[in-house]
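The values are calculated or read from the model by the stated rules, or taken from the named source; none is laboratory data. Since the structure is predicted, the reported quantities are computational estimates derived from the model, not experimental observations. Quick reminder, even Gly has a Cβ in these numbers, built from the backbone with ideal geometry, and neighbours come from all protein chains shown.
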Amino acid sequence: MRIAYVCADPGIPVFGCKGCSLHVQEMLRALVNLGMNVTLFAAKQGGDPPGDLRKITCHILPPQAQPGQKPDRAQREQQAMDAHDWFLQALQQEGDFDLVYERYSLWSHAGTAYASRHAIPSVLEVNAPLMEEAKNYRGLIHEQQARQIARQNFQRASLICCVSQAVADYVQSFAPARGRGKAALPAIVTPNAVNPRRFAAFSTARAPREHSADLVIGFMGTLKPWHGIDYLLHAFARFQQENPSRKARLLIIGDGPQRAAMEELARQLHIDDRIQSTGAVAPDDVPGWLEKMDIAVAPYPPLENFYFSPLKVFEYMAAGLPVIASDMGQIKDLVQHGENGLRVPPGSVMDLTEALQFLADHPQQAAQMGRRARQYILEHYTWDTVAQRVLTQCLDNHEKNASLARPATQRNAN
């Protein structure tokens, strides 16, 4: 089967180091593992592809701005909308695909448009309520156009894959846009997952940490306001105050717009000498850094609509780490409190500090939680399983829609 994978979002460097970049790479890899012939169409490359993905044919959108130009937000949005034509033309020129897999972006519906035009099945992967994100964190100038593009995407797709139930609920709010002659809006929940091959080195269970050994508390992710890094720094500072003789440090894996604020807060809390910050890390290097951790934290602050499928939590658990995570959203399904990790109230520095203290003081129980976490994730959440489910459901939905589109007399005859 020939599959076109479309990622028209200019904020996603498909071969970069972001979590969204890794998501793209792992879905590409899973499709290839299933024997599919995949062609990638992307707005931004972000580096050389990993060795096992170099055989994939890639079509990358040419630069939209002239050197030295700094377009404003309205201009950037318009450029992204204009790029729709490039994607559609590139798909047409490459041609003869059996299925289109498109990662939903604000400004493109090229993948679903191509699939609809050629009457082939299409998958639309939705990772966030992008319009709400843009309005809340960056600003959104062409909201009416973005809403129309969303309706077109949701109406045409054979299958819509949502990373969480909250995202699925958001997609369902567009249900009236579903065209006649098609089945009900086909949104399913497909959480993030892991690639077991990336974490094969953790097949041997971690030995419990010696009580007197250095304690490494870790965080991985893009440094953005909604990831709660300030909450973690305050808890770590309190932990240090309560354990002045304990050798502990904080390992921060990742980079982002909050890095300067994080460094300033660390200085104010007098813990800057206890923090190691790696900056952006290539996906292939992530397991090696996770191996240096003893405890992994996903310290999300209180959020009104927690729609994330937190990739960091999946990877922490695959690495056999005891996890402390905020008690909200999909985390409730992943982390069974006291069994394979600990859940804490979002935003509570005191509760996070107490959880750190418990795992630090009980290394045997921490190691046992890590073993259970790894087993649970590898049994229930792998990218190959996600890809197989998506393809099967998409093809089934496409056949149902084709049947509904046929005249009633023909359907009855069949």
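Yes/no per residue for (1) within 24 Å of V167 (Cβ to Cβ); (2) touching a residue at least 60 places away in the same chain (Cβ under 8 Å); (3) of a type outside the set (G, A, S):
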residue	(1), (2), (3)
A280	no, yes, no
F314	yes, yes, yes
P322	no, no, yes
I331	yes, no, yes
Q336	yes, no, yes
E339	no, no, yes
P345	yes, no, yes
H362	no, no, yes
H380	yes, no, yes
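Among the residues of the stretch 240-265, those that are touching a Lys or Arg at 6+ places or on another chain (Cβ under 8 Å) and on the phi < 0 side of the Ramachandran plot comprise Q240, A248, R249, L250, L251, P257, Q258. Restricting the search to the stretch 203-242, which residues are crowded, with 16+ Cβ neighbours inside 10 Å and among the polar types (S, T, N, Q)? Within the stretch 203-242, T222, Q240 meet the criteria.
Residue-wise test of (1) without any contact (Cβ under 8 Å) to a residue 40 or more places away in the chain; (2) of a type in the set (V, I, T); (3) not in a helix (DSSP H, G or I).
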site	(1), (2), (3)
R76	no, no, no
M81	no, no, no
Y101	no, no, yes
E125	no, no, yes
N136	yes, no, no
Q145	no, no, no
V167	no, yes, no
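Residues that are modelled with pLDDT under 95 and out of contact with any helix residue (DSSP H, G or I) (no Cβ under 7 Å at 6 or more places or on another chain) within the stretch 333-349 comprise just one, D333.
The residues of the stretch 250-273 that are more than 14 Å from R238 (Cα to Cα) and part of a loop (DSSP other than H, G, I, E, B), listed by number, are D255, G256, P257, Q258. Selection within the stretch 324-340: residues that are assigned to a strand (DSSP E or B) and buried (at least 22 other Cβ atoms within 10 Å of the Cβ). The member of this set that is farthest from the chain's Cα centre (by Cα) is I324.
Cβ separations smaller than 6 Å between residues 6+ apart or across chains give the following pairs from the stretch 56-67 residues that are over 12 Å from A42 (Cβ atoms) to residues that are surrounded by 11 or more Cβ atoms within 10 Å (Cβ to Cβ) and not β-branched (V, I, T): Q64/Q79; A65/P71.
The set of residues in the stretch 341-389 being more than 28 Å from A248 (Cα to Cα) and in a strand (DSSP E or B) consists of T382 alone.
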